[in-house]
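Report on one structure; see the data block that follows.
Derivation of every value follows stated rules applied to the coordinates shown; laboratory data play no part. As the structure is a prediction and not an experimental result, all values here were calculated from the model. Here Cβ is always computed from backbone atoms with ideal geometry, including for glycine, and neighbour counts include all displayed protein chains.
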Amino acid sequence: MVTEQQRKRIGTILKMVISILLIYFIFTKINFGDVVKVLRQAHIGYLLLALLLFALSKVLNAYRLNLFFHSIGVGLTQLSNLKFYLLGMFYNLFLPGGIGGDAYKGYVIQKQYKVQTKKVVSVLILDRLNGMLLIFVFACLLFIAIPHSFLSQFKVLAWIAIPTSVIVFWWISKRFFSYTLPVFWGALGYSAVLQATQLLAVLCILQALAIQIRELEYLFVFLISSIVSVIPLTIGGIGSREVTFLYGSKWLGLDADTAIAVSFVFFLISALVSLLGIGYHIKKPQLIASD
């Protein structure tokens with residue numbers, strides 16, 4: 001009989017295999033030398049600004065999660081929660097098949113605060129879904145703004161999808177997770193600001209790579225890749241994001257080599273910020289209750 005630990009190991013191996021296959025597939029479809037050429041010409045100043053903006057978005061992400069923690073009586077200080085969040089980021093990216101960031105956070109919160117497992121799991125999922133909702137909303141807005149003849153016939157659907165998605169998510173929260181309703185709009189506000197911050201970070205990456213035309217299309221592909229990368233099929237979204245950039249760029253008539261370069265730079269920035277959590281892996285952060 002297969003144990004839980006063995007299932008996790010098998011899952012990790014499968015994710016690694018899928019990531020490797022996707023990366024290999026991408027390299028058969030593009031000229032990797034051209035991608036490297038694009039990366040070598042990158043402007044370091046814009047890359048540093050993109051790094052700072054992405055780090056800021058993760059701080060906002062941690063604040064949003066803390067709102068959900070407070071809704072179930074887990075009153076962490078912002079600083080201790082930020083340390084906890086960074087450790088989760090490190091686990092999500094570098095140990096996705098073992099402990100996993102969300103699983104670790106849920107375990108520690110439940111153990112220390114004796115909160116119902118169902119509530120802990122629900123706020124972790126709602127935090128993710130809250131972020132996904134705003135990614136979807138921003139993607140719809142970019143979809144509407146992109147001057148593309150094929151897309152124009154679907155723009156009415158995008159306008160309808162924005163309020164509908166928010167209303168449906170609010171109803172689900174009210175119906176099944178009413179204890180989180182007081183923080184619903186605050187969390188949505190954090191999601192809006194942090195997603196705008198990440199889009200600014202991607203704009204800086206575009207500037208760093210001297211991409212000054214069709215920025216809206218690149219941002220749209222980035223948002224779609226963000227949704228796809230959440231699907232737990234690969235290690236840290238490696239491969240799935242790049243495949244989305246590859247086919248998204250071809251569909252919208254963008255340069256595939258440049259699109260892959262944007263994806264690689266974003267992943268490297270994400271990895272660098274996630275690496276900040278390694279210190280809290282060595283010395284676990286204390287969860288301090290706010291006054």
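Determine the alpha carbon to alpha carbon distance for each of LYS114/LYS174; LYS83/LYS284; LYS114/LYS283; LYS118/LYS174; LYS105/LYS284; LYS58/LYS83 and list only those over 19 Å. If you can, show how the numbers build up before the last one.
Working: LYS114/LYS174 24 Å; LYS83/LYS284 9 Å; LYS114/LYS283 23 Å; LYS118/LYS174 16 Å; LYS105/LYS284 12 Å; LYS58/LYS83 11 Å.
From the list (LYS114/LYS174; LYS83/LYS284; LYS114/LYS283; LYS118/LYS174; LYS105/LYS284; LYS58/LYS83), the Cα-Cα distance tops 19 Å for LYS114/LYS174; LYS114/LYS283.
Would you kindly derive the ³J(HN,Hα) couplings of the range 280-285 from the backbone phi angles with the Karplus curve 6.51 cos²θ - 1.76 cosθ + 1.60 (θ = phi - 60°), listing them in order in whole Hz, with x for Gly and Pro?
Taking θ as phi minus 60°, the curve returns 7, 6, 6, 10, 4, x Hz for the range 280-285.
State the Cα centre-to-centre distance between the range 244-284 and the range 130-175 in whole Å.
24
Quick one: if you stick a label point 7 Å off each Cα along the C-beta vector at ILE144 and TRP159, how many nm between them?
About 0.7 nm separates the two model spin labels.
Can you find, among PRO182, VAL265, HIS281, the residue sitting farthest towards the positive end of the charge dipole of the range 155-291, where Lys and Arg contribute +1 and Asp and Glu -1 at Cβ?
Going by the charge dipole, the pick is PRO182.
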